[in-house]
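Asker: Submitted below is the structure of interest, expressed as structure tokens.
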Amino acid sequence: MHIAKREKVKSHPTPIVFWTNSYTHTPLPNCLKISMSPLFPLILLQITVAAAQLRPGHYSKTCPGAEFVVRDVMEKALIREPRSLASVMRFQFHDCFVNGCDASMLLDDTTTMLGEKLSLSNINSLRSYEVVDEAKEALEKVCPGVVSCADIIIMASRDAVALTGGPNWEVKLGRLDSLTASQEASDNIMPSPRANASLLIDLFGKFNLSVKDLVALSGSHSIGQGRCFSIMFRLYNQSGTGRPDPAFEPKFREKLNKLCPLNVDQNVTGDLDATPFVFDNQYFKDLVAGRGFLNSDQTLFTFPRTRKFVKQFSINQSEFFEAFVEGMIKMGDLQLEQPGEIRRNCRVANSRSVNTF
């Protein structure tokens, strides 16, 4: 069992407190400060030096085949159920925005803790947790107690993009897994599919992510599906008007009316763009044409500050890919000062007989 220990870096003019993994002795920084926003009940996380403590090749000596193991699991998942890759890719966003990239979202509820799986943004939405379970099980066989679940999420998210036609990139690794999770934190932070661009800009800005990052990372909806539940208000009662969202392209709205009539099982799913199994820039072309599935998607084209990036990415796929990778790396740097460990099972914190500080 590997528990985080505190150590001080004395070379810095103002000593910084780090949490150190006792297995790898890799420090995690005091990189996130917490304050409350007057606009949202959110935890404001300000990145400072997180990126300096994460690095490519972190497991090159302790588990040199780690990335190959995860990629193999993802390739098998693609064959078994192509949609699962889109589901796993979204784990990075849902994990990193809630107290940093620490795999807290993977923890099951306990008698003393309400985890994040049943939070408003995750319940009946996030799926394919078993893919991460398979990756962890495979890694434990070859490198027991070495690779964190938080890093598995980062690797698997990258692989989901690359295996569906998107860019491939070098990921920085060396995260620890949290000891707990917070349904309340997830509820307070994660945006609704009803969110508009102004709210999303404000939210992403709290994590040092730019307007361009927001639009590029929204391109994760290039693959996957969404539920009727998320668009019923757009179809039948946008902004309480009793009418559909005027941003809909008429024929696309008719298609969605057939998919999601008023009496539909709201867990029925529809494609997020016209090429739901291929990671490309079709998502942005659809937004320009008024064929965005979610309100939080289409608002990126109707709002002036985000529209220019939607147009750019709809024309230039390479530019989108480059911006997406940059955004994923920046999001992967989000860390919070807290104790951590390398979980043996991604769903459960390691058992211990004493408190961890």
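The values are calculated or read from the model by the stated rules, or taken from the named source; none is laboratory data. This one's a predicted model, so the numbers in the text were calculated from it and none came from an experiment. Cβ atoms come from the backbone with ideal geometry, glycine included; neighbour counts cover every protein chain shown. Just the protein is used for accessible areas: all its heavy atoms, side chains included, with ligands, DNA and RNA removed. Shrake-Rupley method; radii C 1.70, N 1.55, O 1.52, S 1.80 Å.
Asker: Sorting ARG243, ARG307, ARG234 by accessible area (1.4 Å probe), largest first, what list results?
Answerer: On the way: ARG243 160, ARG307 75, ARG234 0 Å².
Ranking ARG243, ARG307, ARG234 by accessible area, largest first, yields ARG243, ARG307, ARG234.
Asker: For region 227-357, go through all pairs of different Cα atoms, get the mean of 1/r, take its inverse, and jot down that Kirkwood value in Å.
Answerer: Working: mean 1/r = 0.0563 Å⁻¹.
Answer for region 227-357: a Kirkwood hydrodynamic radius of 17.8 Å.
Asker: Follow-up. Along the positive direction of the dipole of region 96-178 (beta-carbon charges: Lys, Arg +1; Asp, Glu -1; about the Cα centre), which of CYS143, MET113, LEU126 reaches farthest?
Answerer: Of the listed residues, the answer is LEU126.
Asker: For region 212-357, which whole percent of the accessible surface, found with a 1.4 angstrom probe, sits on carbon and sulfur atoms? Intermediate results must be reported in sequence, preceding the final value.
Answerer: Numbers: 3450 of 6670 Å².
For region 212-357, the apolar C and S fraction of the accessible surface comes to 52 percent.
Asker: Kindly report the accessible area of region 198-309 per residue (heavy atoms of protein chains, probe 1.4 Å, no ligands, DNA or RNA), in Å².
Answerer: Numbers: 4790 Å² over 112 residues.
Roughly 43 Å² per residue, with all protein chains present.
Asker: Using just the C-alpha positions of region 44-186 as equal point scatterers, what log10 of I(q)/I(0) does the Debye formula give at each q in 0.17 1/Å?
Answerer: Those come out to -0.96, one per q.
Asker: Continuing with this model, one more query. Taking K and R as +1 and D and E as -1, what net charge do the other residues with C-beta under 15 Å from the C-beta of THR275 add up to?
Answerer: Details: positive: ARG83, LYS285, ARG291; negative: ASP271, ASP273, ASP280, ASP286, ASP297.
Charge balance near THR275 sits at -2.
Asker: Divide the volume of the convex hull of the Cα atoms of region 135-258 by its number of residues and quote the answer in cubic angstrom per residue. Spell out each step's value before the answer.
Answerer: On the way: hull volume 22.4 nm³, N = 124.
It comes to 181 Å³ per residue, whole-number rounded.
Asker: Carbon and sulfur: what percent of region 124-165's accessible surface (1.4 Å probe)? Please report the intermediate quantities before stating the final value.
Answerer: Details: 580 of 1200 Å².
Here carbon and sulfur together make up 49 percent of the probe-accessible area.
Asker: Ok, one more. State whether region 77-159 is rounded, prolate or oblate according to the following rule on the C-alpha gyration tensor (a ≥ b ≥ c being the square roots of its eigenvalues): a/c under 1.5 gives rounded; otherwise a/b larger than b/c gives prolate, and the remaining case gives oblate. Mind dumping the intermediate values first?
Answerer: Numbers: a/c = 1.62, a/b = 1.17, b/c = 1.38.
Oblate is the answer for region 77-159, as a/c is 1.5 or above yet b/c matches or exceeds a/b.
Asker: Moving on to the next point. At a probe size of 1.4 Å, how large is the accessible area of ARG305, to the nearest 10 Å²?
Answerer: Looks like 140 Å² after rounding.
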